[in-house]
Amino acid sequence: MRRKLAAGNWKMNGTSAALGELAALQEAHPDPAVDLLICPPATLLSAAVQEAHNGPLMIGGQDCHEKTDGAHTGDISAEMLRDVGARAVILGHSERRAGYHETSEDVRAKARTAHAAGLMTVICLGESLIQREATNTLDIIGAQLSLSVPDTSTGENLVVAYEPIWAIGSGQTPTPDQIGEVHDFMRTRLERRFGAGVGRSVRLLYGGSVKPENAAEIFAVSNVDGALVGGASLKAADFAPIIRALENA
Ligand code: PGA
């Protein structure tokens, strides 16, 4: 069966002082019953990998370039992430789609390169409020899913995160029924494309204003295999109870 995954996205937050949160998190969960991933800013990757001591806490990047190397000032390649000890990378976060005009085709190209480098990809999808109110959420998700996910995907290297844009950092979350509808739909689509074996092994995360207070309710939804957490992953005191809720789900 799918092993659950609690993933934290620190975004552009954290200097070396934040490494203490990784130590506290590992102290709170020395032997987690779920997979744990923290994606700190690139400047902290090396130190975070050292702090994780090859233990159960995985460290990942927040983006990578679609090319393996070359003249791309400011970018980071999948190989570089792998070289520093990262085991995963978040791709296609809505903040990158919006801020850097990343398309689903771009995300797919990045994911292919990341898979070739041996990284697990957490591919993010999600609808805007306008799209949800126009009630074509499943059309949006279906298109993003088929275009963003490359054929190199397996049950091990692909994780998909459903992150409604209007729920990110807003304190608003969809109802459990709304989350379940999208997650069941993504599962069916993945099974149809990759076959039941792979389709059923891919982990589906929910992301957007996950907090200790709402985690248990979200984790009880069918086909929710964990969470991608922004703000509440920055402090071990907030993330640890979310991990516990996932362990108990
Ligand atoms: P949030 O962010 O938990 O702060 O809403 C989620 C995300 O962007 O992954």
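The values are calculated or read from the model by the stated rules, or taken from the named source; none is laboratory data. Keep in mind that this is a model prediction, so the values were computed, not measured. Please note: Cβ atoms are built from the backbone with ideal geometry, for glycine as well, and neighbour counts cover all protein chains shown. SASA here: full protein model, heavy atoms, side chains in, ligands and nucleic acids out. Shrake-Rupley method; radii C 1.70, N 1.55, O 1.52, S 1.80 Å.
Leaving ligands, DNA and RNA out of it, work out the accessible area of E156 with a 1.4 Å probe and give it in Å² to the nearest 10.
140 Å²
Using a basic spin-label model with each label point 7 Å from the Cα along Cα→Cβ, how many nm lie between T152 and E247?
3.5 nm
Can you tell me the accessible area per residue over the stretch 183-249, all protein chains present, probe 1.4 angstrom, in square angstrom?
39 Å²
Roughly speaking, to the nearest percent, how much of the chain's 1.4 Å accessible area is carbon and sulfur?
That fraction is 51 percent.
Based on DSSP H runs of at least 4 residues, each adding -39500 (n - 2.57), what is the mean residue ellipticity at 222 nm of the chain after dividing by all its residues, to the nearest 500 deg cm²/dmol?
So the helix-based figure for the chain works out to -12500 deg cm²/dmol.
How much accessible area per residue does the stretch 1-95 have, in Å², with a 1.4 Å probe?
On a per-residue basis, the stretch 1-95 sits at 49 Å².
In the chain, which helices (entire DSSP H runs) extend 15 Å or more along their own long axis, judged by Cα positions, while averaging at least 0.5 on the Kyte-Doolittle scale?
The qualifying helices are 137-148, 236-247.
At each listed q (0.15, 0.16 Å⁻¹), what is the log10 of I(q)/I(0) that the Debye formula gives for the stretch 1-151 modelled as equal alpha-carbon point scatterers?
-0.82, -0.92
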